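**Student:** After the structure tokens below, expect a handful of questions from me.
The values are calculated or read from the model by the stated rules, or taken from the named source; none is laboratory data. These numbers come from a predicted model, not from an experiment. Cβ coordinates were reconstructed from backbone atoms using ideal geometry, including for glycine residues, and neighbour counts include every protein chain displayed. With ligands, DNA and RNA removed, areas are computed over all heavy atoms of the protein, side chains included. Shrake-Rupley method; radii C 1.70, N 1.55, O 1.52, S 1.80 Å.
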Amino acid sequence: MRFDVISIFPELIEGYFQAGILARGRERGLLALQVWNPRDFSLLPHRRVDDRPFGGGPGMLMQAPPLVAAIAAAREQNPGAPVAYLSPQGRPLRQADCERFSKRSGMILLAGRYEGVDERIMAAVDEEWSLGDYVLAGGELAALVLMEATARLLPGVLGHAASAQEDSFAAENLLDCPHYTRPESWQGAVVPAVLLSGDHARIARWRRGQALLRTRARRPDLWAQRVLTAEDVRCLQEAESEDEFGRV
Ligand code: SAM
């Protein structure tokens, strides 16, 4: 998958790609990245890309010409890739969206700065995505979040392909169950006995029950949409009848 990112801070994007799964995906040839700096497309002195808003008001706006020229250059290298503007006014980004993105061959991501962008660039934008109902200083973090959440779903990027399938929001919109590792007992807290039992069917039921309990307790919005299967009801009843260490 190829990502083209348009940003006046290329070093923020390239720096994050130096480690972790994004670096690994790139090394393995599963991911490609090119960052385009709108300043390189500015025709103004000092590579300027911003100006004051018409009608007055605080702050500066990114100008349309260098942004649209950067988008056109990226489109030439990444034909067919949709152009996504990261914006607090976009659709809230969900795991299911990242799953769809992971089937694409590429995306072009536009990171705004200052008070945002001249509205006329929207003719060159196909979709708008938001990280959530808060305002960042720039779209770079949002672009990185979208790329990391998408890249970890590409086959071969994660060390264990199955781990992404068991994460929160994967497939079923459930939160993940609690996990434990060594030591078995630590500061008086012990690992649930069921996880040490070697009984894989029981462990699977315990994990599902815990995932259901957590989703019900923490995410009533997801819970309200859930249609429980007979197996869900059984796992939930078992989980409700046990203490947090899996004891009945
Ligand atoms: N005036 C804009 C508004 O209220 O909609 C906010 C501009 S913000 C200070 C600057 C840039 O940060 C935006 O152009 C966008 O690219 C990015 N940004 C800020 N919050 C974001 C969010 N929640 N999700 C995605 N991008 C965001």
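**Student:** Can you tell me which residue within the stretch 185-212, out of those that are in contact (Cβ under 8 Å) with a residue 12 or more places away in the chain, closer than 18 Å to ALA171 by Cβ and open to solvent by less than 70 Å² (accessible area, probe 1.4 Å), is farthest from the chain's Cα centre (by Cα)?
**Tutor:** ARG205
**Student:** If you don't mind, there's one more thing I want to ask. For the stretch 181-217, give me each residue that is of a type in the set (S, T, N, Q) and part of a loop (DSSP other than H, G, I, E, B).
**Tutor:** Matches in the stretch 181-217: THR181, GLN187, SER197.
**Student:** Now, a different point. Confirm whether LEU146 is under 15 Å from VAL5 (Cα atoms) and more than 8 Å from the ligand (Cβ to nearest atom).
**Tutor:** Against the criterion (under 15 Å from VAL5 (Cα atoms) and more than 8 Å from the ligand (Cβ to nearest atom)), LEU146 qualifies.
**Student:** A further question on this structure: Can you name the residue in the stretch 108-137 that is more than 12 Å from the ligand (Cβ to nearest atom) and touching a helix residue (DSSP H, G or I) at 6+ places or on another chain (Cβ under 6 Å) and is also nearest to ASP50 (Cα to Cα) among such residues?
**Tutor:** Ranking the qualifying residues of the stretch 108-137, first place goes to ARG120.
**Student:** In the set LEU43, LEU22, which member is among the aliphatic types (A, V, I, L, M) and open to solvent by 70 Å² or more (accessible area, probe 1.4 Å)?
**Tutor:** Matching residue, one of LEU43, LEU22: LEU43.
**Student:** Among what's in the stretch 54-93 and is within 13 Å of the ligand (Cβ to nearest atom), more than 24 Å from ASP40 (Cβ to Cβ) and not in a strand (DSSP E or B), pick the residue that is nearest to the chain's Cα centre (by Cα).
**Tutor:** LEU93
**Student:** Moving to a separate point now. Looking for something within 16 Å of the ligand (Cβ to nearest atom), β-branched (Val, Ile, Thr) and either assigned by TED's automatic domain parsing to the domain that holds LEU222 or out of contact with any strand residue (DSSP E or B) (no Cβ under 7 Å at 6 or more places or on another chain) (or both) - is there at least one such residue anywhere in the stretch 156-176?
**Tutor:** Among the residues of the stretch 156-176, not one is within 16 Å of the ligand (Cβ to nearest atom), β-branched (Val, Ile, Thr) and either assigned by TED's automatic domain parsing to the domain that holds LEU222 or out of contact with any strand residue (DSSP E or B) (no Cβ under 7 Å at 6 or more places or on another chain) (or both), which makes the answer no.
**Student:** Inspect the stretch 119-129 for any residue being within 30 Å of LEU213 (Cα to Cα) and open to solvent by 50 Å² or more (accessible area, probe 1.4 Å) and give the result as yes or no.
**Tutor:** Looking through the stretch 119-129, none of the residues is within 30 Å of LEU213 (Cα to Cα) and open to solvent by 50 Å² or more (accessible area, probe 1.4 Å).
**Student:** Here's a follow-up. Can you work out which of the residues in the stretch 94-107 that are open to solvent by less than 10 Å² (accessible area, probe 1.4 Å) and under 26 Å from PRO66 (Cα atoms) is farthest from the ligand (Cβ to nearest atom)?
**Tutor:** Across the stretch 94-107, the extreme among qualifying residues is GLY106.
**Student:** Within the group ARG104, ARG113, which residue is within 15 Å of GLU140 (Cα to Cα), among the basic types (Lys, Arg) and outside any strand (DSSP E or B)?
**Tutor:** ARG113
**Student:** To continue, here is another question. Within the stretch 44-53, restricting attention to residues that are within 13 Å of the ligand (Cβ to nearest atom) and not aliphatic (A, V, I, L, M), which residue is nearest to GLN34 (Cα to Cα)?
**Tutor:** Looking at the filtered set, the residue picked out is ASP50.
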